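J.: Encoded as structure tokens, here's the structure I'll be asking about.
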Amino acid sequence: MAIILGIESSCDETSASICIDGEIKSNIIASQAIHAKYGGVVPELASRAHQQNIIPTVDQAIAAAKIHKNEIDAVAFTRGPGLLGALLVGTSFAKSFALAMNVPLIDVNHMQAHILAHFIDNPKPNFPFLCLTVSGGHTQIVLVKDYFEMELLGETLDDAAGEAFDKTAKILDLPYPGGPLIDKHAQNGNPDTFKLPEPQIPDLNFSFSGLKTAILYLVQAEVKKNPNFLNEQMDDLCASVQSRIVSILLNKLKKAAKQTGVKDIAIAGGVSANSGLRNGLIEMGKKYKWNVFIPKFEYCTDNAAMIAIAGYQKYLKQDFIGQEIGPLARLGV
Ligand code: KG4
Ligand code: ZN
């Protein structure tokens with residue numbers, strides 16, 4: 001039997017999870033409300049909140065899994081990518097825990113973990129599969145050949161998809177994080193109301209900065225004519241923006257599927273919680289006869305279950321790391 005403690009602290013969620021023989025028994029997430037009033041994540045405040053939250057979060061994860069801390073066989077933690085100060089908290093905790101309990105330490109790549117969240121529940125994708133990983137910091141199309149053998153096929157040249165949602169929300173006067181709010185408004189709106197540009201970016205890369213500028217100019221022009229424009233048109237604006245972001249993402253995914261011939265197609269990361277993206281992928285999957293994999297909501301945004309499951313796979317290979325390890329703000333898949 002293998003009991004893995006997973007720790008996630010790369011951005012603004014402090015999370016701990018217990019995985020027993022590949023099954024997630026607990027996944028506790030302490031979100032940091034403090035950032036909302038600043039309109040984005042403040043790295044210094046994130047680090048401090050992680051420092052406060054980490055021990056209670058781990059305690060809760062252990063209690064919810066109904067185990068004792070002495071039974072833990074290994075501790076897996078997010079090494080990067082992410083905010084350095086935030087990563088340092090989780091990394092230092094994991095190193096101290098491993099040292100104190102005399103158990104092995106496992107480093108996990110956060111972007112790989114978002115993808116490996118697909119190995120928590122059934123059905124699981126078959127290798128090789130394609131994964132569109134869309135979060136607040138990344139937008140990538142990855143060819144997943146094996147658990148830890150991944151090839152980056154394309155990525156964003158500027159803003160990430162989550163950033164496009166959040167920055168648009170700011171223009172629309174919606175609070176941070178705006179992605180889920182745009183999603184909510186979009187469900188009552190007409191996506192064909194406002195015509196927004198689809199950037200012509202070569203290969204499998206993305207760009208979202210032009211879209212953001214187009215929305216800004218549109219809102220500025222309309223508000224000049226009607227100061228109540230945002231209030232009156234919020235649902236249609238959100239539906240139009242969401243539909244464009246989703247079409248940019250899915251068109252590239254379609255291109256990647258065509259190029260590689262791969263039929264198992266997954267999405268991962270915070271933006272994979274978006275209803276437009278989830279529904280759009282299901283529709284496209286039916287049309288092109290793909291096997292589509294969409295994570296449960298709790299495994300879309302940052303969580304430690306995905307770190308624990310990735311850690312479990314490394315544990316099976318006895319792929320451990322020494323105490324000299326440190327976090328990395330930048331880390332490729
Ligand atoms: O993966 P994640 O929790 O953190 C990072 O690693 O970045 O992703 C957070 C991002 C934020 O930009 C947030 O606005 C976006 O995911 N997000 C959504 C939705 N839920 C979260 N974007 C659109 N629609 C949603 N329902
Ligand atoms: Zn993430």
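The values are calculated or read from the model by the stated rules, or taken from the named source; none is laboratory data. A quick note: this is a predicted structure, and the numbers were derived from the prediction, not measured. Backbone-built Cβ (ideal geometry, glycine too); neighbour counts: all protein chains shown. Note: accessible area is taken over every heavy atom of the protein model, side chains too, but ligands, DNA and RNA are not part of it. Shrake-Rupley method; radii C 1.70, N 1.55, O 1.52, S 1.80 Å.
J.: Please go through segment 58-72 and give me each residue that is in contact with a helix residue (DSSP H, G or I) (Cβ under 7 Å, 6 or more places away or on another chain), open to solvent by less than 90 Å² (accessible area, probe 1.4 Å) and part of a helix (DSSP H, G or I), ordered by number.
T.: ILE62 - this is the single residue of segment 58-72 that is in contact with a helix residue (DSSP H, G or I) (Cβ under 7 Å, 6 or more places away or on another chain), open to solvent by less than 90 Å² (accessible area, probe 1.4 Å) and part of a helix (DSSP H, G or I).
J.: Of the residues GLY90, GLY85, which is surrounded by fewer than 24 Cβ atoms within 10 Å (Cβ to Cβ) and within 16 Å of ligand 1 (Cβ to nearest atom)?
T.: Unique residue meeting the criteria: GLY85.
J.: Separate question: Restricting attention to segment 35-57, which residues are open to solvent by 30 Å² or more (accessible area, probe 1.4 Å), closer than 13 Å to PRO177 by Cβ and in a helix (DSSP H, G or I)?
T.: The answer is ALA36, LYS37, TYR38.
J.: Still on this structure, I have one more. Run down ILE4, ILE28 and say which single residue is within 16 Å of ligand 1 (Cβ to nearest atom), modelled with pLDDT of 95 or more, in contact with a Ser or Thr (Cβ under 9 Å, 6 or more places away or on another chain) and under 19 Å from HIS114 (Cβ atoms). Lay out the reasoning, then the answer.
T.: Details: ILE4 fails: within 16 Å of ligand 1 (Cβ to nearest atom).
Result: ILE28 is the single residue among ILE4, ILE28 that is within 16 Å of ligand 1 (Cβ to nearest atom), modelled with pLDDT of 95 or more, in contact with a Ser or Thr (Cβ under 9 Å, 6 or more places away or on another chain) and under 19 Å from HIS114 (Cβ atoms).
J.: Among the residues of segment 296-333, write down those that are part of a helix (DSSP H, G or I) and among the β-branched types (Val, Ile, Thr).
T.: Taking segment 296-333 and keeping what is part of a helix (DSSP H, G or I), we get 297-299, 305-316.
ILE307, ILE309 - these are the residues of segment 296-333 that are part of a helix (DSSP H, G or I) and among the β-branched types (Val, Ile, Thr).
J.: Could you tell me whether any residue of segment 189-207 is within 16 Å of ligand 1 (Cβ to nearest atom), touching a Cys at 6+ places or on another chain (Cβ under 6 Å), over 30 Å from ASN27 (Cβ atoms) and open to solvent by less than 50 Å² (accessible area, probe 1.4 Å)?
T.: The answer is yes, given that some residue of segment 189-207 is within 16 Å of ligand 1 (Cβ to nearest atom), touching a Cys at 6+ places or on another chain (Cβ under 6 Å), over 30 Å from ASN27 (Cβ atoms) and open to solvent by less than 50 Å² (accessible area, probe 1.4 Å).
J.: Additional query: For segment 109-161, list the strands (runs of 3 or more DSSP E) that sit wholly inside it and hold at least 1 residues that are free of Cβ contacts under 8 Å to residues at least 40 places away in the same chain and open to solvent by 10 Å² or more (accessible area, probe 1.4 Å); which are they?
T.: Qualifying strands (runs of 3 or more DSSP E): 139-146, 149-155.
J.: Restricting to segment 162-175, name every residue that is within 15 Å of ligand 1 (Cβ to nearest atom), open to solvent by 50 Å² or more (accessible area, probe 1.4 Å), touching a helix residue (DSSP H, G or I) at 6+ places or on another chain (Cβ under 7 Å) and at pLDDT 95 or above.
T.: Within segment 162-175, just LYS167 meets the criteria.
J.: Looking at segment 255-270, can you tell me whether even one residue there is in contact with a Ser or Thr (Cβ under 6 Å, 6 or more places away or on another chain), crowded, with 17+ Cβ neighbours inside 10 Å and at positive phi?
T.: yes
J.: Kindly indicate the residue of segment 249-284 that is within 16 Å of ligand 2 (Cβ to nearest atom) and small (Gly, Ala, Ser) and also farthest from ASN303 (Cα to Cα) among those meeting that condition.
T.: By that ranking, first place goes to ALA266.
J.: Also: In the list ILE321, ILE294, which residue meets the criterion of being closer than 30 Å to VAL58 by Cα and away from ligand 1 (no atom under 16 Å from the Cβ)?
T.: Just one listed residue meets the conditions, ILE321.
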